[in-house]
Amino acid sequence: MPKNLNNLFPLLLLFCLLFLNLQASLPDTVIVKKDSTRVGFFYNDLEKYGILKQHPADTNITGIQNYDPLLKYSGFSASLGNIGQNSRNLLPHPFVKNSGFDYGIHTSDKYLYQNDSVKYYKILKTFSQLQYVQGAKKELFFHVKFSRNIYRSFNLGFDFRVMNSPGAYSRQKTNHINFFLTGQYFTKDKRYGVIANFLLNRLMNYENGGIKYDSVFEQNLETNRDLYDVNLASAQNRIRESGFYMKHYFNLSKHPRNTKDSAFLARKNIELGRISYSFEYNRQIQNYIDEDPKSGFYRNIYLDSLNTYDSLTLRKIVNEVTWTNPSFRPDKTFRILQLEARFKQQYIEVSLHDEKKYLLQFIPSAGLSFNPLPTLHLDAAADYVLGDFNEGDVSLRVNLSQTLGNVDRNAGTIALKAYYAIQKPGWFYEHYHGNNFRWDTSWQKQNLISGCFDYTFRKLNTGISISRINHFVYLDTAATPKQINNEFGYIYAYLNGELNLWRFKLKGEFAYQTIQGTNVLRLPAFIGNLAIYFTQNLFKNAATIQPGLNFFYNTRYAANGYIPATRMFYLQDQKQIGNYLYMDVFLNVKIQRATLFVKYSHFNAAFMERNYFMVPNYPMQDAAFKFGVNWRFFD
């Protein structure tokens, strides 16, 4: 990626804004309703409901202090102590991955824009949103969203995010740029529609290999964190990714433009369903660079003792055809029997140090939704992989749910979920040729069978899952792949919910997990996150303030270590971490369309023992002030 990319993005944003504002002179055929500032969005699952399933944009003041994507979407992760760095998921349930080719490294996924998470906005007025956060040690977070209706049902939008944080320790800097451009068009009768996006990710993480001497930190012998000795003095990881995605659909049967079209509804119509086609192109380059391979951090040097430059290129082309028979009902309820059939073709190129592999795979899949009663639902889906590396992979998912009572008045919903999968481990676990690590082997397919009981009532969700796993593949204490041939059990219980007491709100996420029969999967037995808010409206509801506290805790365990050369986590036996309570205090403020927060994160670091690690040799951040503002605009 060009070095002047930082200059390219502001110009691109300026061009988009100028171009879209020029469209204001065009006649606007959209009839603006009273609530013209309502903003909704949908994802790329166009074939499921027949009518777009719109999600309301989040305008709630609660949780605005959690701007870090790692905290915003999944609080139970082990990070390296600075925003943007790689992380490990501490709740691996349900273990099933998407069918087909998977390279196997997902430690950066939380900071990548990915096609399935792209939001397509539905608006009446031009919508834009700016978010700015300033943290300690020159941490900067900047996020822009924009969407405009160009003409009738044609909409353009973009999402641009920048994260830059030097970190407290030497060689801990992160610099991320994420961008996607979206377009959508639907005919007036909604019989045809198309969505598309262009996606760009650029991640640059300096790697220090962790601090050399934990005792210096734990005894606080040096207060200037930048003076600590680190294991790597000139290493970094880079990810450059670009991609294009398009999906369009066509309803094989006509449908009424509105539910009051009695003449149309009186006819006898044959429902032929909806057919959709999607195309995706993606190219990702992963580089590990180390100008001092002989530093002693790694045991082996295979290619170059003067300079490490491991360059991996993944290129993927995916074509997919889908047929469904959605209900097309305005309330988005399903048919009694709703069917789905898919056929996917994947072409993959894997290139590492000029060694190229070409893969071609075909994945047929089918699904059904059986809804004999408004309160009873059965969903099932299965797929099978043909061709090359993942030949013979199969997965099955079943979900049976029953509402206890009527749809409007009930005692909650119980669900029984089941997963079954036979899948190859990721390509990385079998084939890797880098300067410090290399292997070329073959493993048996991993087997999984899992059952889950789930209960949901209002804002309470709890359940328990029991899984049996066989032929599990992991990275051993030498950070090389190994496979355990005997099976083991995994039990996972969870409780998530909100409790309102007058103007106080308690929002918590709690999990208990245990592994029976092996020690190659290491996870904390208990993890908990609890937020306590107090919400008060001011000035006749013109403003809202919300002070609060946040607590995070996990039990002590032998956490996995981190190896920068592969961006992966591996088993280690030297250090146990955990049994530490992280505490934040914050104040959220909402004034009309602007929300602000002031946060003092990890404020208890000053008066508790300095044993706050989530990954061995990588201390978490000390106490720090952070300030942020989020502003929404229309027109």
Inset, instruction - Divide, for segment 413-455, the radius of gyration over alpha carbons by 2.2 N^0.38 Å, where N is the residue count. - result: 1.85
Legend entry - DSSP bridge pairs, segment 469-594: antiparallel proportion in percent, nearest 5: 100
Legend entry - ³J(HN,Hα), Karplus 6.51/-1.76/1.60, whole Hz, each residue of segment 150-163, x for Gly, Pro: 7, 7, 6, 9, 9, 10, 10, x, 8, 9, 10, 9, 10, 10
Legend entry - Residues with amide H under 5 Å from that of Tyr228, placed H, sequence gap 5 or more: Ser170
Legend entry - In degrees, nearest ten, helix 5-22 long axis to first principal axis of the chain (Cα): 20
Inset, instruction - Taking the Cβ of Val216 as the centre, find all other residues whose Cβ is under 12 Å away and add up their charges (Lys, Arg: +1; Asp, Glu: -1). - result: -1
Legend entry - Whole-Hz ³J(HN,Hα) from phi, Karplus 6.51 cos²θ - 1.76 cosθ + 1.60, for segment 173-189, glycine and proline x: 5, 10, 9, 10, 10, 10, 8, 9, 10, 10, x, 8, 8, 9, 5, 4, 8
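Hey, any idea what Rg/Rh is for segment 373-478, computing Rh the Kirkwood way over Cα pairs?
On the way: Rg = 19.6 Å, Rh = 16.9 Å.
Radius of gyration relative to Kirkwood radius: 1.16.
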Inset, instruction - Give me the distance in nm between label points sitting 7 Å out from Cα along the Cα-to-Cβ direction at Glu355 and Met608, one decimal. - result: 4.5
Inset, instruction - May I ask you to derive the relative contact order of segment 51-166, considering only C-alpha pairs under 8 Å and at least 6 residues apart, and to give it as an integer percent? - result: 17
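Rounded to the nearest 500, what is the 222 nm mean residue ellipticity of the chain from helices alone, with -39500 (n - 2.57) per DSSP H run of 4+ residues and division by all residues? Mind dumping the intermediate values first?
Numbers: 4 runs with 32 residues, N = 635.
Helix contribution divided over all residues of the chain: -1500 deg cm²/dmol.
Give me the percent of the accessible area of the chain that comes from carbon and sulfur atoms, probe 1.4 Å, all protein chains in place. Intermediate values should be presented prior to the final figure.
Details: 17490 of 30670 Å².
Carbon and sulfur: 57 percent of the exposed surface of the chain.
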Inset, instruction - Please report the relative contact order for the chain, taking Cα pairs under 8 Å with a sequence separation of at least 6, and give it as a percent rounded to a whole number. - result: 11
Inset, instruction - Within the set of other residues whose C-beta is less than 10 Å from the C-beta of Lys145, count the net charge using Lys and Arg as +1 and Asp and Glu as -1. - result: +2
Inset, instruction - At a 1.4 Å probe radius, which order do Asp116, Asp159, Asp354 fall into by accessible area, largest first? - result: Asp354, Asp116, Asp159
Legend entry - Val407 versus Asn307: modelled label distance in nm, points set 7 Å from Cα along the beta carbon direction: 6.5
Inset, instruction - Give the shape of segment 526-581 as rounded, prolate or oblate, defined through the alpha-carbon gyration tensor: a ≥ b ≥ c are the square roots of its eigenvalues, a/c under 1.5 means rounded, and otherwise the shape is prolate if a/b is larger than b/c and oblate if not. - result: prolate
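State in Å² the accessible area per residue of segment 434-590; use a 1.4 Å probe, count heavy atoms of protein chains only, and round to the nearest integer. Before the final figure, lay out the partial values.
Numbers: 7250 Å² over 157 residues.
For segment 434-590, the solvent-accessible area averages 46 Å² per residue.
Using the structure shown, select from Lys137/Lys599; Lys190/Lys254; Lys137/Lys590; Lys138/Lys590 the pairs with a Cα to Cα distance greater than 20 angstrom. Walk me through the intermediate numbers first.
Working: Lys137/Lys599 15 Å; Lys190/Lys254 10 Å; Lys137/Lys590 26 Å; Lys138/Lys590 25 Å.
Table pairs above 20 Å Cα-Cα are Lys137/Lys590; Lys138/Lys590.
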Inset, instruction - Decide, for segment 122-249, between rounded, prolate and oblate: order the square roots of the alpha carbon gyration tensor eigenvalues as a ≥ b ≥ c, take rounded if a/c falls under 1.5, and otherwise choose prolate if a/b is larger than b/c, else oblate. - result: prolate
Inset, instruction - With label points built 7 Å along Cα→Cβ from the Cα atoms of Leu221 and Tyr277, find their separation and express it in nm. - result: 6.8
Inset, instruction - Using only C-alpha atoms and all pairs of different ones, pull out the Kirkwood radius for segment 439-494 in Å with one decimal. - result: 13.6
Inset, instruction - Quick one: which residues, 5 or more positions from Ser99 or on another chain, have an amide H under 5 Å from its amide H? H modelled 1.01 Å from N in the peptide plane, none for Pro or chain starts. - result: none
Inset, instruction - With the Cα gyration tensor of the chain in hand, give its eigenvalues times 5 under a square root as the equivalent ellipsoid semi-axes, listed largest first in whole angstrom. - result: 39, 31, 28
Legend entry - Relative contact order for segment 351-452, counting Cα pairs under 8 Å that sit 6 or more residues apart, in percent: 20
Inset, instruction - Give the Rg (one decimal place) followed by the Dmax (whole number) of segment 50-166, computed from C-alpha coordinates and expressed in Å. - result: 17.0, 49
Inset, instruction - For segment 534-542, take each phi angle, set θ = phi - 60°, evaluate the Karplus expression 6.51 cos²θ - 1.76 cosθ + 1.60, and give the result in whole Hz per residue in order, putting x for glycine and proline. - result: 10, 10, 9, 7, 10, 6, 6, 6, 6
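The values are calculated or read from the model by the stated rules, or taken from the named source; none is laboratory data. Since the model is a prediction, treat every value here as computed from it, not as a measurement. We place every Cβ from the backbone using ideal geometry, glycine too, and count neighbours over all the protein chains shown. Heads up: the accessible areas ignore ligands, DNA and RNA and are worked out on the full protein's heavy atoms, side chains in. Shrake-Rupley method; radii C 1.70, N 1.55, O 1.52, S 1.80 Å.
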